[in-house]
């Protein structure tokens, strides 16, 4: 295993089930106005509130019972790490820490030299995989010029079809034996 290389698995993120409903509603109302929370000074008190709620949600304690998506993401990272024989870390586009920028910053501080950025978002056309992840990688390349960041995306639709066909065949085999 090359200790200088690591995989950063970028997942979407989800709101934890036990996040207070009133704050969830307020967050999404403000998110519709401000989009993603960004650094720099907040323009007005509403934007400051949005950033507070974003930080509160991202740093919320995650468990299997309150955020199955988070738990499944860490499980996927563990399986991927065993499959590759290398360390895999998880970052999230939204709703959960660490975000992509923070994860890359931590890897750079640790002295990592190469980061393979991957996402299970399989099809083209999504904002996260097409724009947001590449933008975070671009910013990180500027901030950490000694760190090689490789975005392992897009996924070839033929590869996705092979994966899905195998799952469908497996399911059909299971259900045909039970009929």
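The values are calculated or read from the model by the stated rules, or taken from the named source; none is laboratory data. Please read these numbers as outputs of a predicted model, since none were measured by experiment. Methodologically, a virtual Cβ is constructed for each residue, glycine included, from the backbone with ideal geometry; neighbour enumeration extends over all protein chains shown.
Do you know which of the residues in the range 4-31 that are more than 22 Å from the chain's Cα centre (by Cα) and surrounded by 11 or more Cβ atoms within 10 Å (Cβ to Cβ) is nearest to residue 155 (Cα to Cα)?
Of the range 4-31, the ones more than 22 Å from the chain's Cα centre (by Cα) are 20-23, 25-26, 29.
From what's left, surrounded by 11 or more Cβ atoms within 10 Å (Cβ to Cβ): 20, 23, 26, 29.
On the way: 20: 37, 23: 36, 26: 36, 29: 33 Å.
So the residue we want is 29.
For residue 148, work out the one condition from (1) within 21 Å of the chain's Cα centre (by Cα); (2) loosely packed, with under 11 Cβ neighbours inside 10 Å; (3) at pLDDT 95 or above it doesn't fulfil.
(2) is the only condition that residue 148 fails.
Looking at 71, 43, 25, 37, can you tell me which residue is touching a helix residue (DSSP H, G or I) at 6+ places or on another chain (Cβ under 7 Å) and either closer than 23 Å to residue 135 by Cα or part of a helix (DSSP H, G or I) (or both)? If you could, list the steps in order and put the result at the bottom.
On the way: 71 fails: touching a helix residue (DSSP H, G or I) at 6+ places or on another chain (Cβ under 7 Å); 43 fails: touching a helix residue (DSSP H, G or I) at 6+ places or on another chain (Cβ under 7 Å); 25 fails: touching a helix residue (DSSP H, G or I) at 6+ places or on another chain (Cβ under 7 Å).
Being touching a helix residue (DSSP H, G or I) at 6+ places or on another chain (Cβ under 7 Å) and either closer than 23 Å to residue 135 by Cα or part of a helix (DSSP H, G or I) (or both) holds for just one of 71, 43, 25, 37, which is 37.
Among the residues of the range 32-84, write down those that are within 18 Å of the chain's Cα centre (by Cα), exposed (fewer than 11 other Cβ atoms within 10 Å of the Cβ) and modelled with pLDDT under 95.
35, 38
Scan the range 117-135 for residues that are in contact (Cβ under 8 Å) with a residue 12 or more places away in the chain, surrounded by 13 or more Cβ atoms within 10 Å (Cβ to Cβ), assigned to a loop (DSSP other than H, G, I, E, B) and out of contact with any helix residue (DSSP H, G or I) (no Cβ under 6 Å at 6 or more places or on another chain) and jot them down.
Within the range 117-135, just 120 meets the criteria.
List every residue pair whose Cβ atoms lie under 6 Å apart, where the two residues are 6 or more positions apart in sequence or sit on different chains, the first residue falls within the range 136-151 and is touching a residue at least 60 places away in the same chain (Cβ under 8 Å), and the second residue, located anywhere, is assigned to a strand (DSSP E or B) and surrounded by 13 or more Cβ atoms within 10 Å (Cβ to Cβ).
Nothing qualifies.
Applying the selection to the range 46-68, what residues are in contact with a helix residue (DSSP H, G or I) (Cβ under 9 Å, 6 or more places away or on another chain) and assigned to a helix (DSSP H, G or I)?
If the condition is that a residue be in contact with a helix residue (DSSP H, G or I) (Cβ under 9 Å, 6 or more places away or on another chain) and assigned to a helix (DSSP H, G or I), then 46, 47, 49, 50, 51, 53, 54, 56, 57 are the ones that fit.
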